[in-house]
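To start, the structure itself, in structure tokens.
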Amino acid sequence: MILTLTGNYSALHDYFTQNGLNPWPVENEGEEWRFGFTTQEEFDAANDLLVGYNSKKMNDIKQSIRTAINAERDRREQGGFDYAGKRFDSDATSVIRINAAVNTAVAAVLAESEFSVGWTAADNTTVTLTAQEFLEFSAALAQHSNTQHVRARALKEQLDNADTAEAVAEVENLLEAWKTEA
């Protein structure tokens, strides 16, 4: 009984032998291998194993795409955000500084005292913000972050629901398109 498969010979052969089968290669043409099995039972078992093998490969690919989605989300989230026509840093250190200043702005509003802070934009210019403006600035950062997470969650949900190679490839294409957006 001959089973024709496409893929890496060593990986396919190892997968079969790890699962108790000992196929012998009949011939190959490039990436296409023909494996021989001596009994119908071995042949059927090999076919059953391929479902698991393909599922494992699909899961590995999906995990790799999920990791890439998270990396793109993080890159975008930490790559800066816009407020009042300016670009501001949103890396981890900047977010800590913004949150500390928000606490001060809130305290000033509650105490009905004056608050003003000069905040450096990504282009190294300084923008002076009142307490209310700083709260809006902080809200712009939160919205920026949420936008990245919503986009990533949508891609990961589509990936989780992808049950064919074509559907997984579509998610990968959408991820690549997202990477090229400004």
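What follows draws every value from the coordinates through simple rules; no lab data is involved. Keep in mind that what you see is a predicted model, and the values were worked out from it rather than measured. Ideal geometry is used to build each Cβ from the backbone, glycine not excepted, and the neighbour counts take in all protein chains shown.
Within a straight-line Cα-Cα reach of under 24 Å, LYS62 can be paired with the following lysines, leaving aside sequence neighbours fewer than 8 residues apart in one chain: LYS156, LYS179.
Between the alpha-carbon centers of region 107-170 and region 82-102, tell me the distance in whole angstrom. Computed from Cα coordinates, the inter-centre distance equals 9 Å.
Counting only residues at least eight positions apart within a chain, or on another chain, there are no lysines with an alpha carbon under 19 Å from that of LYS86.
Its relative contact order, with pairs defined as Cα atoms under 8 Å and 6+ residues apart, puts region 73-180 at 24 percent. Please name whichever of ALA177, SER138, ALA167 sits farthest to the positive end of the charge dipole of region 68-182, dipole taken about the Cα centre and charges placed at Cβ: Lys and Arg +1, Asp and Glu -1. Going by the charge dipole, the pick is SER138. In region 100-150, one over the average inverse separation of all distinct C-alpha pairs is 11.8 Å, which is the Kirkwood hydrodynamic radius.
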